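First up is the structure itself, then whatever we jot down about it.
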Amino acid sequence: NIVDTPGHADFGGEVERVLKMVDSVLLLVDAFDGPMPQTRFVLKKSLDLGLRPIVVINKIDRPGSRPEKVVDMVFDLFCELNADENQLDFPFIFTSAKQGIAKRELSDDSDNLNPLFEMIRERVAPPVADAEAPFQLLVTSIDYNDYLGRIATGKIFNGRIRTGEMATLIMKGGEMSKGRITKLLGYEGLKQIEIEEASAGDIVTIAGFENVGISETLACVENPKSLPYLAIDEPTLSMNFIVNSSPFAGLEGKYVTSRNLRDRLNKELRTNVSLRVEDTANTDTFRVSGRGELHLSILIENMRREGFELAVSKPEVICREIDGEKCEPMEYLVIDVPEEFQGTVIEKLGPRKAEMAAMNALDGFNRIEFVIPARGLIGFRSEFLTDTRGTGVLNHTFQGYSPWKGPIIGRKNGVLIAMETAETVAYSLFNLQDRGTLFVQPGVRVYEGMILGQHAKENDLVVNACRGKKLTNVRASGTDESIRIIPPRDLTLEQALEFIDNDELVEVTPKSIRLRKRLLDENDRKKAYKKTN
């Protein structure tokens, strides 16, 4: 079985669970860019599991490609990840997916992909399994079906199984429960089909066990034996999901109460195994933890598309205590940036506690690699795009845990805060443009305490964006000059989560993404500030 490299590695141990089902890995590498961060992540997991990857150097038809140099880069990456002697002797092949050709040597003539298929047949052994032994299946993926309930996907390591047979579920703690297999699904290419029987080496989906979990074992009833448990990576980031309490609550969404929010999060827990949901002292607030900012923002985006309204707080990293020392999650950051901007990028990452691991020159670009605390990346992406004028490329993957790196300076600029609930006026926004960067345009309903933009200075500023121009009979030169409004900065959900500070929230509805202060009244904010300082 062959698996391609996933595009992102934020989703817990999903990569490791998929690799647990397969016998080999097809590692796809760009003939120009070389190994990317996700390649590094998947390769590390593969080597740890003892797999021997087949390296495919793709896009050899791309102008400026350097396939032989990339092979050397891949070998260096294998060494860096402590591959053993057998793994270092990896097979590689050159391909162009666009042209549909594969070559063992660059000088070879080819008009098809047969060399790649031949290499797979030579290098990938059939599954080592005994179809006559007692049945054993390791659950590596969980899904939910409204008709079938919870369904489990995994690889059969030993034995056979048929629809309607009884099986034993062996849970993490050793507890056992019996159940009947109500549905057995296999795969024909990418299509899922219903089958009556499956044997060792097959990857199947089974229904009939409502309490099944990741890394648990389904075994035969007569002689149930558990397979080695595969640990799930714990969450690294958390944020509060709060019932929307703004003056505009309930105007755009269908589901707005704490009961709706609780039910939706509990439903997500059925299939999202890397997610954690905890109650807090406030019944309207839920602490949700996940494997990175992308993991949680996808959940929030799905909820708003389903009609939910909620407010979310600034993401916070989850620290661990290892050997009596406080440790925090670290990310491996890879940046491709034009040479003219590399100094600015390095300067910005210094205060964020980033440590440079490598620097390589590409064609007009420099690839710079860092190890950085996960909290140091919060709010960095928008700064990075501004500093590089949109020409830089940023990728990062989870690296591990390291001792706490000390305080990191957060957002330097304050915000512009609405003074009243009304509709924004072009005349007022025109006069506010010199104060900072606006997030709203004329004719938008705003409320007291809502954030209208980023202040040019460090302090927060309460402004009136709804004051119209006073009418007068007096005429003077320049009074009636045309008003030109700079297009506002339209924040996406990810950018909004990166932008907010500890005393701010992102209000998410099916139609809008708004930023607001946690305390909407200015006097309440002043009292809270005095208490904490």
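The values are calculated or read from the model by the stated rules, or taken from the named source; none is laboratory data. Everything quoted here is computed from the prediction, not taken from an experiment. When we count neighbours, we look across all protein chains shown, and the Cβ atoms used for this are built from the backbone with ideal geometry, even at glycine. We work out accessible area using only protein heavy atoms, side chains counted, and drop any ligands, DNA or RNA first. Shrake-Rupley method; radii C 1.70, N 1.55, O 1.52, S 1.80 Å.
Taking the numbered list (1) farther than 22 Å from Met239 by Cβ; (2) in a helix (DSSP H, G or I); (3) out of contact with any strand residue (DSSP E or B) (no Cβ under 8 Å at 6 or more places or on another chain); (4) open to solvent by less than 40 Å² (accessible area, probe 1.4 Å) in turn, Gly406 passes all entries but (2). Which ones in segment 481-533 are exposed (fewer than 13 other Cβ atoms within 10 Å of the Cβ) and among the hydroxyl-bearing types (Ser, Thr, Tyr)? Result: Ser482, Thr492, Tyr529, Thr532.
Taken over segment 170-184, residues that are open to solvent by less than 80 Å² (accessible area, probe 1.4 Å) and either more than 20 Å from Leu148 (Cα to Cα) or touching a residue at least 60 places away in the same chain (Cβ under 8 Å) (or both) amount to 4.
So for segment 379-395 (the condition being in contact with a Pro (Cβ under 6 Å, 6 or more places away or on another chain), part of a strand (DSSP E or B) and open to solvent by less than 70 Å² (accessible area, probe 1.4 Å)), does at least one residue qualify? First the steps, then the outcome.
Let us first name the residues in segment 379-395 that are in contact with a Pro (Cβ under 6 Å, 6 or more places away or on another chain), namely 391, 395.
From the residues that got through so far, the ones that are part of a strand (DSSP E or B) too are 395.
After this cut, where a residue has to be open to solvent by less than 70 Å² (accessible area, probe 1.4 Å) as well, the list is 395.
Yes, some residue in segment 379-395 is in contact with a Pro (Cβ under 6 Å, 6 or more places away or on another chain), part of a strand (DSSP E or B) and open to solvent by less than 70 Å² (accessible area, probe 1.4 Å).
Got at least one residue in segment 283-292 being without any contact (Cβ under 8 Å) to a residue 40 or more places away in the chain and either over 29 Å from Pro403 (Cα atoms) or surrounded by fewer than 17 Cβ atoms within 10 Å (Cβ to Cβ) (or both)? Taking every residue of segment 283-292 in turn, at least one turns out to be without any contact (Cβ under 8 Å) to a residue 40 or more places away in the chain and either over 29 Å from Pro403 (Cα atoms) or surrounded by fewer than 17 Cβ atoms within 10 Å (Cβ to Cβ) (or both).
The criterion of at least 2 residues that are at pLDDT below 85 and closer than 30 Å to Gly307 by Cα is met by none of the strands (runs of 3 or more DSSP E) falling completely within segment 425-533.
Determine which member of the set Ser215, Ser238 is part of a loop (DSSP other than H, G, I, E, B) and hydroxyl-bearing (Ser, Thr, Tyr). Ser215 is the lone residue from the list that is part of a loop (DSSP other than H, G, I, E, B) and hydroxyl-bearing (Ser, Thr, Tyr).
Could you look through segment 148-168, keep only residues that are open to solvent by less than 50 Å² (accessible area, probe 1.4 Å) and within 31 Å of the chain's Cα centre (by Cα), and pick out the one that is farthest from Thr271 (Cα to Cα)? Break it down into steps so the answer makes sense when it comes.
Taking segment 148-168 as the starting set, the residues that turn out to be open to solvent by less than 50 Å² (accessible area, probe 1.4 Å) are 149-156, 158-159, 161, 163-164, 167-168.
Pick out the ones that are also within 31 Å of the chain's Cα centre (by Cα) and you get 149-156.
Details: Gly149: 11, Arg150: 8, Ile151: 9, Ala152: 10, Thr153: 12, Gly154: 14, Lys155: 18, Ile156: 21 Å.
This residue is Ile156.
Flag: Glu278 matches the condition of being outside any helix (DSSP H, G or I), closer than 25 Å to Glu507 by Cβ and free of Cβ contacts under 8 Å to residues at least 12 places away in the same chain.
Candidates are the residues of segment 414-424 that are open to solvent by less than 50 Å² (accessible area, probe 1.4 Å) and assigned to a loop (DSSP other than H, G, I, E, B); the one that is nearest to Leu471 (Cα to Cα) is Thr424.
Residues that are within 23 Å of Phe41 (Cα to Cα), within 23 Å of the chain's Cα centre (by Cα) and touching a residue at least 60 places away in the same chain (Cβ under 8 Å) within segment 380-403 comprise Phe380, Arg381, Leu394, Asn395, His396, Thr397, Phe398, Gln399, Gly400, Tyr401, Ser402, listed in sequence order. Restricting attention to segment 90-117, the residues that are of a type outside the set (A, V, I, L, M, F, W, C) and under 18 Å from Thr39 (Cα atoms) total 2.
Scanning segment 323-350 for residues that are open to solvent by 70 Å² or more (accessible area, probe 1.4 Å) and not in a helix (DSSP H, G or I), we see that the one that is nearest to His396 (Cα to Cα) is Lys326.
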